[in-house]
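Comments concern the structure below.
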Amino acid sequence: MKLTTRGRFAVTSMIDLSLHSENGPVRLADIAKRQKISLPYLEQIFGKLRRAELVKSVRGPGGGYRLGRDASEISAGEIVEAVEGIMDMSQCQGGAACRGGAQCLAHGLWADLNAKMAEFLNAQSLQSIKEKSLKEHAHHGEVREQPIIVHITEPKS
(Lines give C-alpha, C1' and ligand atoms only; values in the text may rest on other atoms or scores of the structure.)
Protein backbone atom coordinates (compact mmCIF):
# COMPACT_ATOMS: atom_id res chain seq x y z
CA MET A 1 0.00 0.00 0.00
CA LYS A 2 1.18 3.43 -0.79
CA LEU A 3 -0.65 5.90 1.38
CA THR A 4 -1.25 8.79 -0.97
CA THR A 5 -2.88 12.16 -0.47
CA ARG A 6 -6.18 10.50 -1.42
CA GLY A 7 -5.95 8.12 1.55
CA ARG A 8 -4.97 10.87 3.97
CA PHE A 9 -7.74 13.16 2.71
CA ALA A 10 -10.26 10.31 2.95
CA VAL A 11 -9.46 9.70 6.62
CA THR A 12 -9.40 13.43 7.41
CA SER A 13 -12.71 14.09 5.66
CA MET A 14 -14.34 11.12 7.42
CA ILE A 15 -13.22 12.54 10.78
CA ASP A 16 -14.66 15.91 9.75
CA LEU A 17 -17.91 14.25 8.68
CA SER A 18 -18.12 12.44 12.01
CA LEU A 19 -17.46 15.66 13.94
CA HIS A 20 -20.06 17.72 12.08
CA SER A 21 -22.87 15.26 11.38
CA GLU A 22 -24.62 15.67 14.73
CA ASN A 23 -27.12 18.11 13.16
CA GLY A 24 -27.79 16.12 9.99
CA PRO A 25 -26.08 15.53 6.65
CA VAL A 26 -22.87 17.42 5.93
CA ARG A 27 -22.22 19.13 2.60
CA LEU A 28 -18.99 18.25 0.80
CA ALA A 29 -18.43 21.94 0.12
CA ASP A 30 -18.28 22.53 3.88
CA ILE A 31 -15.79 19.70 4.41
CA ALA A 32 -13.70 20.95 1.46
CA LYS A 33 -13.61 24.45 2.93
CA ARG A 34 -12.75 23.35 6.48
CA GLN A 35 -10.08 20.87 5.36
CA LYS A 36 -8.77 22.90 2.42
CA ILE A 37 -9.38 20.10 -0.09
CA SER A 38 -10.46 20.69 -3.66
CA LEU A 39 -14.21 20.00 -3.97
CA PRO A 40 -13.89 17.98 -7.22
CA TYR A 41 -11.17 15.81 -5.59
CA LEU A 42 -13.34 15.35 -2.49
CA GLU A 43 -16.27 14.33 -4.71
CA GLN A 44 -14.09 11.57 -6.24
CA ILE A 45 -13.06 10.38 -2.79
CA PHE A 46 -16.63 10.34 -1.53
CA GLY A 47 -17.76 8.41 -4.61
CA LYS A 48 -15.39 5.62 -3.55
CA LEU A 49 -16.43 5.88 0.09
CA ARG A 50 -20.09 5.67 -0.96
CA ARG A 51 -19.45 2.57 -3.10
CA ALA A 52 -17.74 0.98 -0.08
CA GLU A 53 -20.87 1.90 1.96
CA LEU A 54 -18.84 3.92 4.44
CA VAL A 55 -20.97 6.99 3.75
CA LYS A 56 -24.50 7.55 2.52
CA SER A 57 -25.65 10.48 0.44
CA VAL A 58 -28.79 12.41 1.25
CA ARG A 59 -30.40 14.27 -1.63
CA GLY A 60 -32.42 17.44 -1.66
CA PRO A 61 -32.44 20.62 0.40
CA GLY A 62 -30.40 20.07 3.53
CA GLY A 63 -28.75 17.11 1.85
CA GLY A 64 -25.17 16.01 2.02
CA TYR A 65 -23.41 13.00 3.46
CA ARG A 66 -23.63 11.01 6.65
CA LEU A 67 -21.71 8.01 7.91
CA GLY A 68 -22.81 4.65 6.54
CA ARG A 69 -22.37 3.06 9.98
CA ASP A 70 -21.60 4.23 13.47
CA ALA A 71 -18.13 5.79 13.78
CA SER A 72 -17.14 3.04 16.22
CA GLU A 73 -17.77 0.44 13.49
CA ILE A 74 -15.64 2.07 10.76
CA SER A 75 -11.88 1.52 10.79
CA ALA A 76 -9.14 3.64 9.28
CA GLY A 77 -8.13 0.51 7.35
CA GLU A 78 -11.55 0.34 5.68
CA ILE A 79 -11.39 4.00 4.72
CA VAL A 80 -7.90 3.72 3.22
CA GLU A 81 -8.72 0.48 1.41
CA ALA A 82 -11.89 2.03 -0.05
CA VAL A 83 -9.91 4.79 -1.77
CA GLU A 84 -6.44 3.22 -2.23
CA GLY A 85 -7.18 -0.47 -2.73
CA ILE A 86 -5.53 -3.39 -0.95
CA MET A 87 -2.57 -2.47 1.22
CA ASP A 88 0.65 -3.86 -0.23
CA MET A 89 4.20 -2.52 -0.02
CA SER A 90 5.69 -5.20 -2.25
CA GLN A 91 6.17 -4.90 -5.98
CA CYS A 92 4.38 -8.20 -6.57
CA GLN A 93 1.12 -7.33 -4.79
CA GLY A 94 1.68 -10.27 -2.43
CA GLY A 95 2.11 -12.80 -5.24
CA ALA A 96 5.75 -13.60 -4.41
CA ALA A 97 6.76 -12.97 -8.02
CA CYS A 98 8.69 -9.76 -7.45
CA ARG A 99 11.57 -10.28 -9.89
CA GLY A 100 10.87 -12.01 -13.16
CA GLY A 101 8.60 -14.58 -11.56
CA ALA A 102 10.81 -15.21 -8.53
CA GLN A 103 10.36 -13.99 -5.00
CA CYS A 104 12.64 -11.04 -4.14
CA LEU A 105 15.03 -11.27 -1.21
CA ALA A 106 13.04 -8.74 0.86
CA HIS A 107 9.60 -10.25 0.17
CA GLY A 108 9.18 -11.43 3.77
CA LEU A 109 9.98 -7.97 5.07
CA TRP A 110 7.35 -6.33 2.86
CA ALA A 111 4.77 -9.01 3.69
CA ASP A 112 5.35 -8.43 7.42
CA LEU A 113 5.07 -4.66 6.94
CA ASN A 114 1.78 -5.12 5.08
CA ALA A 115 0.42 -7.20 7.95
CA LYS A 116 1.51 -4.66 10.60
CA MET A 117 0.06 -1.71 8.69
CA ALA A 118 -3.24 -3.50 8.13
CA GLU A 119 -3.37 -4.56 11.78
CA PHE A 120 -2.67 -1.00 12.96
CA LEU A 121 -5.13 0.74 10.62
CA ASN A 122 -7.88 -1.81 11.22
CA ALA A 123 -7.51 -1.38 14.99
CA GLN A 124 -8.21 2.37 14.74
CA SER A 125 -11.93 3.14 14.71
CA LEU A 126 -13.15 6.43 13.32
CA GLN A 127 -14.65 7.10 16.76
CA SER A 128 -11.33 6.62 18.56
CA ILE A 129 -9.50 8.79 16.00
CA LYS A 130 -12.12 11.51 16.43
CA GLU A 131 -11.87 11.38 20.23
CA LYS A 132 -8.08 11.52 20.12
CA SER A 133 -8.22 14.49 17.73
CA LEU A 134 -10.64 16.36 19.99
CA LYS A 135 -8.39 15.75 23.02
CA GLU A 136 -5.28 16.89 21.14
CA HIS A 137 -6.96 20.06 19.90
CA ALA A 138 -8.28 20.84 23.38
CA HIS A 139 -4.80 20.23 24.84
CA HIS A 140 -3.27 22.69 22.35
CA GLY A 141 -5.84 25.34 23.24
CA GLU A 142 -7.71 25.04 19.97
CA VAL A 143 -11.43 25.38 20.24
CA ARG A 144 -13.97 23.69 18.04
CA GLU A 145 -16.52 25.97 16.42
CA GLN A 146 -19.26 26.49 18.97
CA PRO A 147 -21.90 29.18 19.21
CA ILE A 148 -21.41 31.96 21.73
CA ILE A 149 -24.44 32.48 23.90
CA VAL A 150 -24.93 35.97 25.27
CA HIS A 151 -27.51 36.70 27.93
CA ILE A 152 -28.69 40.29 27.90
CA THR A 153 -30.45 41.61 30.94
CA GLU A 154 -32.10 44.97 31.32
CA PRO A 155 -30.50 47.19 33.94
CA LYS A 156 -32.69 47.73 36.99
CA SER A 157 -33.93 51.30 37.38
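The values are calculated or read from the model by the stated rules, or taken from the named source; none is laboratory data. Please read all numbers here as calculations on a predicted model, not as lab measurements. Only protein heavy atoms, including side chains, enter the accessible area calculation; ligands, DNA and RNA are left aside. Shrake-Rupley method; radii C 1.70, N 1.55, O 1.52, S 1.80 Å.
With no solvent and one equal point scatterer per Cα, compute the Debye intensity ratio I(q)/I(0) for the range 22-69 at 0.18 Å⁻¹ and report its log10, rounded to two decimals.
These q points yield log10 I(q)/I(0) values of -0.52.
Rounded to the nearest 10 Å², what accessible area does residue 136 show when all protein chains are kept and the probe is 1.4 Å?
Accessible area, nearest 10 Å²: 90 Å².
Hey, if we sort 41, 65 by accessible area with the 1.4 Å probe, largest down, what's the order?
The most accessible residue leads, giving 41, 65.
List, in order, the whole-Hz ³J(HN,Hα) value for each residue of the range 4-11 obtained from phi through the Karplus relation with A = 6.51, B = -1.76, C = 1.60 and θ = phi - 60°; use x for Gly and Pro.
The phi angles translate into 9, 4, 4, x, 5, 5, 4, 5 Hz.
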